[in-house]
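The values are calculated or read from the model by the stated rules, or taken from the named source; none is laboratory data. Worth saying up front: this structure is predicted, and the values here are computed from it rather than measured. Every residue, glycine as well, gets a Cβ built from its backbone with ideal geometry; the counts of neighbours run over all protein chains shown. Accessible surface is based on the protein model in full, side chains and every heavy atom, while ligands, DNA and RNA are left aside. Shrake-Rupley method; radii C 1.70, N 1.55, O 1.52, S 1.80 Å.
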Amino acid sequence: MKQQQGFTLVKVMLLGGMASVVVFASLKEGVVQERLSGNFQKDINARLVAEQGIREYRQKLDAALGGNPQDVNALINGISKTGSGTITDSQYQISVNANGNEFEIESLGQRHGEHANHRLVARFELQPAAKESIFQNAVTGCKGVNLSGSGSVDSYDSSKGTYEETKSHDGDVHTVVGDADVVLSGHSPIKGDVEASGVIYLKGSSPILGDVRSNTGVDISPSSSGIRVEGNVYSRGFFTHRGGKIQGYVRAMGDAKMEWGAEIINQNGDAFDIQYTGSGQFKDTGLQVQDGVHYSDAKFRVADLVVEPVKVYDPDSPDYDPAKPNKECDPLALPFNMDSIIDPRNRFTPLNVGAQQILHFKPKQAVYERNGSSVYVAKEHTIYLFQGVDQNLGTATEKTQLAFPFKGLKLGSDGKIKISGGDVIWLIDGDLTLTGDTHIWIEKESSLTVFTTGKVSIGASAKVIAEQEGLTKKSKLPVFSVYSSFDGPNGFVFSGASSLYAAIYSPLTSILLNGSGQLYGTVRGASITGTGGTGIHFDQALKNAGIGVQPPGQKPTLVFKGWHYKPYQVADESEAKSAE
């Protein structure tokens with residue numbers, strides 16, 4: 001019996017020991033699980049803190065977009081490339097690394113010091129606000145347009161075909177400053193709309209195959225019974241019609257006068273052939289009647305008639321900038337910025353290309369000679385017009401704007417210049433003159449952009465030949481464009497007999513077209529005068545040019561490109577000491 005009791009005691013002790021082992025194992029597993037859960041919670045918190053750091057920095061970036069930054073440095077410099085924040089007993093640390101228009105925001109989230117760490121990297125791209133091409137019309141004569149020759153104004157689209165294949169009626173003519181008039185005499189048909197801040201005078205037999213819009217008045221001279229205006233007439237002032245037909249209708253916020261032989265067709269059957277706010281003087285003829293009611297009847301006189309104005313430069317406008325006062329005529333503020341393009345203290349030398357000489361230009365870093373060595377870089381920063389433009393550098397590898405500087409450039413006799421290999425830029429502090437039987441040859445996918453402070457003259461048999469008209473595919477630059485800050489009369493003269501493809505931007509000078517050659521592209525000047533047979537054929541492809549201005553209300557945007565977690569490593573003491 002005693003032996004059985006002793007065996008039972010041993011069994012109980014064994015079972016108690018096993019139970020103790022199980023209990024201790026369970027307790028240990030519980031502690032491990034608790035620690036794992038705690039570490040997991042810390043890890044999640046560190047990750048959430050890292051994400052919060054990204055969110056808060058992104059909010060600062062969104063606020064900074066209102067300042068219209070043009071590049072990443074301008075965006076992030078006002079915020080700081082580093083920062084930190086605290087959320088209860090957690091914190092995050094921010095750092096920013098930029099590469100071009102793309103940048104990374106790195107946020108290190110930490111919970112209880114370095115017990116839990118997560119490094120989150122988010123990638124973004126700054127996309128500049130969309131720019132609107134400055135080349136929207138065939139002719140922009142800021143202070144006036146006077147076309148008395150026989151050349152027509154129309155349009156085509158080089159991106160879709162040749163002039164003959166795509167010609168159309170989008171050859172618009174504009175004035176945009178003060179009371180600037182448009183005078184059309186001779187036989188210069190305008191195949192597009194005509195808008196003037198001043199008076200529009202239709203003289204001779206020049207028809208307008210589009211709408212007419214004026215802030216001051218419209219004066220149509222006596223003529224045959226042919227079409228004078230194919231579209232409608234809108235005047236915020238007087239309307240005087242002395243002969244010929246208007247295919248559309250007439251709206252005038254002033255006096256209206258029609259002479260014998262003047263007729264309004266109203267081909268689309270508008271409810272009113274004419275409406276006006278002032279007095280009406282009409283001849284008692286069957287031509288000046290609608291549905292049996294004479295135009296002098298009270299039904300055609302509307303006191304509250306409103307005609308949309310032609311947009312002009314207004315110094316009372318809330319967005320007027322005294323530093324750039326002529327923005328309607330010069331949206332690029334070119335003269336204001338020209339000193340940053342061509343240093344007025346430069347030591348450029350003139351270039352003369354004469355008989356049987358051939359020069360070949362490719363994109364390269366331009367230098368000029370001083371004390372026998374090439375030491376001066378033409379421009380060490382991007383020309384502001386080219387911000388956002390992916391310039392085709394060909395084989396050149398420099399990051400700065402590539403340009404060739406000259407004190408003046410004269411191409412005479414039978415000299416020739418070839419442009420190839422990408423986008424070439426000339427900086428000319430002086431005049432650009434092309435005379436004689438000279439050639440500038442621009443190969444496909446290449447372009448020539450000229451910035452000049454002097455006069456431009458293209459005469460005789462001088463030719464600028466573009467193998468492919470319109471815009472280059474990569475950079476979206478016009479194949480040949482001229483930007484002039486010259487302030488004086490006749491700063492751009494095209495008197496040649498050969499055709500020319502060019503985008504001309506000379507907002508402070510008068511432009512004279514008195515040759516027989518045709519101009520394909522567009523022209524903008526203080527005033528435009530055409531006295532010869534030069535026709536102006538607007539290339540609609542230029543509406544998509546890479547050089548432009550930012551429309552009101554537009555601002556840059558941030559595009560999220562992706563994110564990833566980056567391992568966080570802490571060096572031990574031996575590694576830290578060896579690093580020191």
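Numbers at a glance
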read-out	value
Dipole moment magnitude, nearest 20 debye, region 127-223 about Cα centre, only Lys, Arg, Asp, Glu C-beta charged	140
Amide H contacts of Val302 (H built 1.01 Å from N, under 5 Å, at least 5 apart or other chain)	Tyr276, Thr277
Region 437-458 and region 284-315: distance between their alpha carbon centers, rounded to Å	48
For region 236-246, 3J(HN,Hα) per residue [Karplus equation, 6.51 cos²θ - 1.76 cosθ + 1.60, θ = phi - 60°, Hz, x = Gly/Pro]	8, x, 7, 9, 10, 10, 9, x, x, 10, 10
In nm, spacing of pseudo-spin labels at Val549 and Ser185 (7 Å Cα→C-beta vector)	3.2
3J(HN,Hα) from dihedral phi, region 475-481, Karplus parametrisation 6.51/-1.76/1.60, rounded to Hz, x for glycine, proline	9, 6, 9, x, 5, 9, 9
Accessible-area composition of region 175-215, carbon plus sulfur, in percent [1.4 Å probe]	47
Contour minus Cα-Cα distance for Asp62 and Trp260 (0.36 nm per residue)	64.8 nm
Student exercise, region 424-580 dipole from Lys, Arg, Asp, Glu Cβ charges, in Debye to nearest 20	580
Carbon + sulfur, % of accessible area of region 221-296 - ligands and nucleic acids excluded, 1.4 Å	43
Residues of region 150-205: accessible area per residue with a 1.4 Å probe, Å²	37
Pairs of alpha carbons in region 431-486 whose separation is greater than 16 Å (percent)	48
Region 513-523 - phi-based ³J(HN,Hα) in whole Hz, Karplus 6.51/-1.76/1.60, Gly and Pro as x	10, 10, x, 10, x, 9, 9, 9, x, 6, 9
Contour minus Cα-Cα distance for Arg345 and Glu308 (0.36 nm per residue)	8.6 nm
Quotient of C-alpha Rg and 2.2 N^0.38 Å, computed over region 438-580	1.71
Spacing of the two label points (7 Å from each Cα toward its C-beta) at Asp487 and Asp270, in nm	4.2
Percent breakdown of C-alpha pair distances by 10 Å bin, ordered from the shortest bin, for region 218-305	19, 59, 21, 0
Solvent-accessible area per residue for region 466-563 (1.4 angstrom probe, square angstrom)	33
Kirkwood Rh in Å, taken over all unlike Cα pairs in region 178-248	11.5
Separation in nanometres of the label points that stand 7 Å from Cα toward Cβ, at Leu15 and His294	13.0
Residues of region 48-72 with amide N under 16 Å of a point placed 7 Å along Cα→Cβ from Phe560	48-63
Rg ratio (alpha-carbon, reference 2.2 N^0.38 Å) - region 450-528	1.06
